[in-house]
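Have a look at the structure below before the remarks.
Read the figures in this text as sums done on the coordinates, not as results from a lab. Not measured: the values here are computed from a predicted model. Neighbour counts run over all protein chains shown; Cβ positions are idealised from the backbone, glycine included.
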Amino acid sequence: MAQWMDQVARGWLLYELTNSPVQLGLVQGVQAIPILVLSPLAGSVADRYPRKQQVVVAQMLVGVLYTGLALLILTGRIRPWHVYATAFARAIIQAFHQPARAAMVADAVPPHDLTNAIGLNSLVFNVARSTGPALAGILIATLGTASCYTVQTAFYLVAIVWTLGLRPTPRAATSGRAAPGASLGQSIVEGWIFSWRQEAVRTGLLITLCASLFMMPFTTLLPVFARDLLGVGATGQGALLTAMGLGAVGSAVLVASLGDRLPRGLLMLGGVTLYGLSVVAFAASPSFRLSLGLMTVVGLAHVSSYALVQTVIQTYSPPAFRGRTMALFHMGDVVVTLGSMLAGTLAALVGARWAAATMGVVGALLTVTMGAALPHARRIR
């Protein structure tokens, strides 16, 4: 909930302070360096040390950051550089948080239930995507941005309590340990070599790369669409992200229900192609109601580039490599950041509609090309 509320709150706060679509991309850009530099190290750490402890520490630190932002807003001392600094710090923390958290799912279930487990995880995540942005929009519109960050802090406190209550299964206690004799540097290189040589893992990472660079960054421009193009304000922006979350929930239910019966390769390629085309349609939409419907389609397609890819990577990665392969998967956040900077720059040059549409078309064409050039990708189960 707190993560998705931050999607609305941070962008809206910076747009209020600067009125600049370029800075909406730059606030994503400051997060690229720590994720790019630290994710390989974080993957090795997740494969060597207790993952639960890593998750708890990360949650505590992010809660402190949100508390600081709330206090700065309440005292009237908030400045754009505060938004950038906390975004940078949060990226450092998330670099270590994400691979450990993702690998915990595979640790907890037998291999034949992994697709269903990740589908359920995605379902819960996207329920938060449906409700978090709407709650953020309402709080910003009624009580101001500080109230949003206060509630986000409260959600992180709840998450910390629940994570501390988790009890590892016997298999989880012994899985996910890298070779004890290898240095961290050797461990990182081993993860890269494995991820490139394993065809299914490599394909999943390439699909994520395409979606992260050309499709996902369009959400950076949502404050421009909500305030300037559709005239619906922060509440409308929250509703758009909620509609995207509802579509993702529907898709996650299918993944969780059907599990290993899904033709995962075809669904990944087809879903990411639909993702790009639906972003193009959203960019061209003249009305808020139509935009809500298209955001639902975007959410439906988004799961194909997230939950399905994550399932494939974890299925084809042995426990000792899961932290490192998931770290590479989450380095897609760096690519999203670069795409967000590109989207913000294009929006300043040609407008938000043309920027989102152009990137969506390029992403869809690249995905179709990938499916034609890599026949084994279509056969992944």
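A few notes on this one:
- The phi-based Karplus calculation (6.51 cos²θ - 1.76 cosθ + 1.60; θ = phi - 60°) puts the 3J(HN,Hα) values of segment 106-121 at 5, 5, 8, 10, x, x, 6, 9, 5, 4, 5, 5, 5, x, 5, 4 Hz, whole numbers, x for Gly and Pro.
- For segment 186-201, backbone phi angles converted through the Karplus equation (6.51, -1.76, 1.60; θ = phi - 60°) give residue-by-residue couplings of 4, 4, 4, 5, 4, x, 5, 4, 4, 5, 6, 6, 7, 4, 5, 5 Hz, Gly and Pro being listed as x.
- Shown here is the pair-distance distribution of the chain: with all Cα-Cα distances grouped in 10 Å bins from zero up to the longest one, the shares run 5, 24, 36, 26, 9, 1 percent.
- Shape analysis of segment 1-121 based on the Cα gyration tensor places the equivalent ellipsoid semi-axes at 31, 15, 14 Å, largest first.
- Values of log10 I(q)/I(0) for segment 237-381 across q = 0.13, 0.18, 0.20 Å⁻¹ run -0.64, -1.18, -1.36, by the Debye formula with one identical scatterer at each alpha carbon and no solvent.
- Ascending count of other beta-carbon atoms within 10 Å, so fewest first, for 192, 4, 81: 81, 192, 4
- Principal axis box of segment 208-312, alpha-carbon based, largest edge first, Å: 43, 25, 17
- Over the chain, DSSP H runs of length four or greater, each weighted -39,500 (n - 2.57), average out per residue to a 222 nm ellipticity of -27000 deg cm²/dmol.
- Our coupling estimate for segment 229-246, obtained by passing each phi through the Karplus curve with A = 6.51, B = -1.76, C = 1.60 and θ = phi - 60°, is 9, 9, x, 10, x, 5, 4, x, 4, x, 5, 5, 5, 5, 4, 4, x, 4 Hz, Gly and Pro reported as x.
- Segment 304-326-segment 73-93 distance, computed between alpha-carbon centres (Å): 32 Å
- Within the shell of other residues whose beta carbon sits under 10 angstrom from the beta carbon of residue 44, the net charge comes to 0, with Lys and Arg scored +1 and Asp and Glu -1.
- A simple charge model with +1 on the Cβ of Lys and Arg, -1 on the Cβ of Asp and Glu and nothing else charged puts the dipole of the chain at about 440 debye relative to its Cα centre.
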